[in-house]
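These notes concern the structure reproduced below.
The values are calculated or read from the model by the stated rules, or taken from the named source; none is laboratory data. Just so you know, these numbers come straight off a predicted model, no measurement behind them. Don't worry about glycine lacking a Cβ; one is built from the backbone with ideal geometry, like all the others, and counts go over all protein chains shown. Protein only, heavy atoms only, side chains kept; ligands, DNA and RNA dropped before computing areas. Shrake-Rupley method; radii C 1.70, N 1.55, O 1.52, S 1.80 Å.
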Amino acid sequence: MVKVYKMNDGLSIPAVGFGTFKAADGEEAYQSTLAALKAGYRHIDTAAIYRNEESVGRAIKDSGIPREELFVTTKLWNDSHSYEAAKEALATSLEKLQLDYVDLYLIHWPNPKAIRDHWEEGNAEAWRYMEDAQQAGLIRSIGVSNFLVHHLEALAKTARVTPAVNQIRLAPGCYQEEVVNYCREHKIVIEAWGPLGQGELFTNTEMQVLANKYGKTIAQLALAWSVYEGFLPLPKSVHQDRIKENLNFDDIKLSAEDAEQIKQLAGATPAPDPDSKDF
Ligand code: NAD
């Protein structure tokens, strides 16, 4: 996978990333990350709350791949939405990952339950630290996750740096039109979490019929669609064969008609509402 996207800060990001949510700390996260790096992924997506940064970091180190060839993302959890807490959170993540810098650091959720009455201030303060950490070289690019338009607009009131990335749930049948359009207008790279519908796509007959038509698997079709839309998918698997399969979709040339059908797929779980989540 050689394709990259250009971010609004001038840096490049590999157009597919390896997801690690629910890859258990220890052997599972270590072996799957190592397998992904061997298979050719150069972009790894983790988060403090996944509690697997140590194993992911160990796999990165043991892979022997030069640091500058890798793109590593981690995320600020919901208990760290202040300048000082963000500073501590990043230091902890870097230590666990055994890295001097991360390529991308994201505010994981815009409206944590604990600060629901002052989330704007929480995001602004965490962001202020992230801007300083970027200046200091601890983070290359800074971004957000699960932000809707009103969260992005609130952040823009105080931000010195526009987010380079917004990582949101996007999958066949789960298409967040309003925020996707906003990100496109502001040249914010749109990362797709749950690009395989978090597993639910695999029993979808509409997807199976289309996948058969292209002679590919459902996973490959969903990923080809994601890139067709200009999204950056983050497929997750802990199985070597699937890890490889999920990188092998470049040859799918989707027709506009089929892409539209995938966009409108019935029965998909909608994206969660970040303003009412119970965490
Ligand atoms: P996903 O859509 O990647 O689905 C993963 C599941 O699909 C796996 O558990 C596996 O059971 C199955 N699968 C994977 N490849 C397959 C294949 N080729 N054939 C059959 N089954 C296959 O879901 P996800 O892991 O929730 O999302 C992807 C990544 O996005 C995460 O790992 C994480 O890095 C990120 N993420 C971010 C957020 C956020 O709030 N920012 C939330 C969820 C996930």
Has region 246-260 got at least one residue that is basic (Lys, Arg) and more than 12 Å from the ligand (Cβ to nearest atom)? yes
Are there any pairs, at least 6 apart or on different chains, whose C-beta atoms fall under 6 Å, with the first in region 222-239 and in a loop (DSSP other than H, G, I, E, B) and the second among the hydroxyl-bearing types (Ser, Thr, Tyr), and if so, which? Val238/Ser32
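With of a type in the set (A, V, I, L, M) and over 22 Å from Thr73 (Cα atoms) as the only criterion, which of Leu170, Leu201, Leu155 stands out?
On the way: Leu170 fails: over 22 Å from Thr73 (Cα atoms); Leu155 fails: over 22 Å from Thr73 (Cα atoms).
Sole residue among the options that is of a type in the set (A, V, I, L, M) and over 22 Å from Thr73 (Cα atoms): Leu201.
Among residues belonging to region 8-46 that are acidic (Asp, Glu) and in a helix (DSSP H, G or I), point out the one that is least open to solvent (accessible area, probe 1.4 Å).
So the residue we want is Glu28.
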How many of the residues making up region 194-209 are away from the ligand (no atom under 15 Å from the Cβ) and open to solvent by less than 10 Å² (accessible area, probe 1.4 Å)? 0
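Listed here are the residues, each with its yes/no results for (1) among the aliphatic types (A, V, I, L, M); (2) in contact with a helix residue (DSSP H, G or I) (Cβ under 6 Å, 6 or more places away or on another chain); (3) part of a helix (DSSP H, G or I).
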residue: Glu120; (1), (2), (3): no, yes, yes
residue: Ala126; (1), (2), (3): yes, yes, yes
residue: Glu131; (1), (2), (3): no, no, yes
residue: Ser141; (1), (2), (3): no, no, no
residue: His150; (1), (2), (3): no, no, yes
residue: Leu155; (1), (2), (3): yes, yes, yes
residue: Thr158; (1), (2), (3): no, yes, no
If you go through region 182-193 one residue at a time, do you hit one that is within 19 Å of the chain's Cα centre (by Cα), within 16 Å of Lys253 (Cα to Cα) and either within 15 Å of the ligand (Cβ to nearest atom) or open to solvent by 80 Å² or more (accessible area, probe 1.4 Å) (or both)? no
I'd like the residue in region 200-236 that is in contact with a Ser or Thr (Cβ under 7 Å, 6 or more places away or on another chain) and not basic (Lys, Arg) and, out of all such residues, is farthest from Ile168 (Cα to Cα). Ala211
Among the candidates Leu99, Leu94, single out the residue that is away from the ligand (no atom under 15 Å from the Cβ), of a type outside the set (Val, Ile, Thr) and not in a loop (DSSP other than H, G, I, E, B). Leu94
Hey, among Trp109, Trp119, which residue is open to solvent by 10 Å² or more (accessible area, probe 1.4 Å) and under 17 Å from the mean Cα position of the chain (by Cα)? Trp109
What residue, of Ser82, Ser93, Ser145, is small (Gly, Ala, Ser) and either at positive phi or in contact (Cβ under 8 Å) with a residue 60 or more places away in the chain (or both)? Ser145
Over region 167-204, the set of residues farther than 27 Å from Ala156 by Cα and free of Cβ contacts under 8 Å to residues at least 12 places away in the same chain is Gly199, Thr203
Scan region 59-91 for residues that are farther than 25 Å from Val4 by Cα and more than 20 Å from the chain's Cα centre (by Cα) and jot them down. Ser82, Tyr83, Glu84, Ala85, Lys87, Glu88, Ala91
Exactly one of Leu234, Leu265 is open to solvent by less than 30 Å² (accessible area, probe 1.4 Å), closer than 16 Å to Gln198 by Cβ, within 16 Å of the chain's Cα centre (by Cα) and at pLDDT 95 or above, and that residue is Leu234
Scanning region 159-180 for residues that are open to solvent by less than 10 Å² (accessible area, probe 1.4 Å) and among the small types (Gly, Ala, Ser), the one farthest from Trp127 (Cα to Cα) turns out to be Ala171
